[in-house]
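The values are calculated or read from the model by the stated rules, or taken from the named source; none is laboratory data. Since the structure is predicted, the reported quantities are computational estimates derived from the model, not experimental observations. Neighbour counts are summed over all protein chains in view; Cβ atoms, including those assigned to glycine, are modelled from backbone coordinates with ideal geometry. Only protein heavy atoms, including side chains, enter the accessible area calculation; ligands, DNA and RNA are left aside. Shrake-Rupley method; radii C 1.70, N 1.55, O 1.52, S 1.80 Å.
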Amino acid sequence: VETRTKELIQKNEELEKLSITDKLTSLYNRVKLDNVLNEEFNRSKRYNFVFCVIMLDIDFFKKVNDTFGHQIGDDVLKELASIIKNCTRATDIVGRWGGEEFLVICPNTNLEGAKALAINMNKAVKSHTFSTYPEKLTISLGISCYKNALLKPEELVANADIALYRAKENGRDRVEIYDKEI
């Protein structure tokens, strides 16, 4: 019975990990990101903590898939995931939001800290030589920070998304901050 119980516990831990992990990139998936976002939002609302989110997207990713195929596109996503993960701190939560979009949740991080992290990620991607994709890639990044006036965590992500699209509109390969007063 003891052996079976240990096996069951191990299998449950494996299932838990599979349920919160993106299969391609091995980063957290949307389910895990949503859970962490809710936890950080509630913690910040209760204790008046600061935290930020960074949303990033590969510039012209469609060109990668169209020109070199989806396998190369998958390789690029895996390497990008590794670059982003290596740039973040142990306390940051990194995941694949969907497609070629990634989200970084930065607990106890103010705007200046999130901006420094985003700039560092941008530089790391630009300087990286991808193993199967022969061209350089850039990313666009949008940052949003928690404010007490926000009613739900989805607003924080929506604001980061607005900043991300502003980065794309302003020429890509850049960091933009959501700055509308709420």
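Comparison of LEU103, LEU8, LEU18, LEU24 shows that the only residue that is modelled with pLDDT under 95 and closer than 30 Å to THR132 by Cβ is LEU18. Picking from residues in region 18-75 that are free of Cβ contacts under 8 Å to residues at least 60 places away in the same chain and of a type in the set (Ser, Thr, Tyr), the one that is least open to solvent (accessible area, probe 1.4 Å) is THR21.
Taken residue by residue, region 104-111 has at least one member that is assigned to a helix (DSSP H, G or I), open to solvent by 30 Å² or more (accessible area, probe 1.4 Å) and touching a strand residue (DSSP E or B) at 6+ places or on another chain (Cβ under 7 Å). Looking at region 144-158, can you tell me whether even one residue there is within 15 Å of the chain's Cα centre (by Cα), of a type in the set (Ser, Thr, Tyr) and modelled with pLDDT of 95 or more? Scanning region 144-158, I find at least one residue that is within 15 Å of the chain's Cα centre (by Cα), of a type in the set (Ser, Thr, Tyr) and modelled with pLDDT of 95 or more, so the answer is yes.
Kindly check whether there is at least one residue in region 27-36 that is on the phi > 0 side of the Ramachandran plot and either among the aromatic types (Phe, Trp, Tyr) or part of a strand (DSSP E or B) (or both). Please lay out each step first, then the result.
Step one: list which residues in region 27-36 are on the phi > 0 side of the Ramachandran plot, which gives none.
No, the conditions are met nowhere in region 27-36.
On the stretch given as region 139-153, residues that are outside any loop (DSSP other than H, G, I, E, B) and among the hydroxyl-bearing types (Ser, Thr, Tyr) total 2.
Considering region 161-179 alone, what residues qualify as being touching a Ser or Thr at 6+ places or on another chain (Cβ under 7 Å) and assigned to a helix (DSSP H, G or I)?
Once the filter is applied, which keeps residues that are touching a Ser or Thr at 6+ places or on another chain (Cβ under 7 Å) and assigned to a helix (DSSP H, G or I), region 161-179 yields ALA163, LEU164, ALA167, LYS168.
Among residues of region 132-182 being of a type in the set (A, V, I, L, M) and free of Cβ contacts under 8 Å to residues at least 24 places away in the same chain, the one that is nearest to ILE58 (Cα to Cα) is ILE162.
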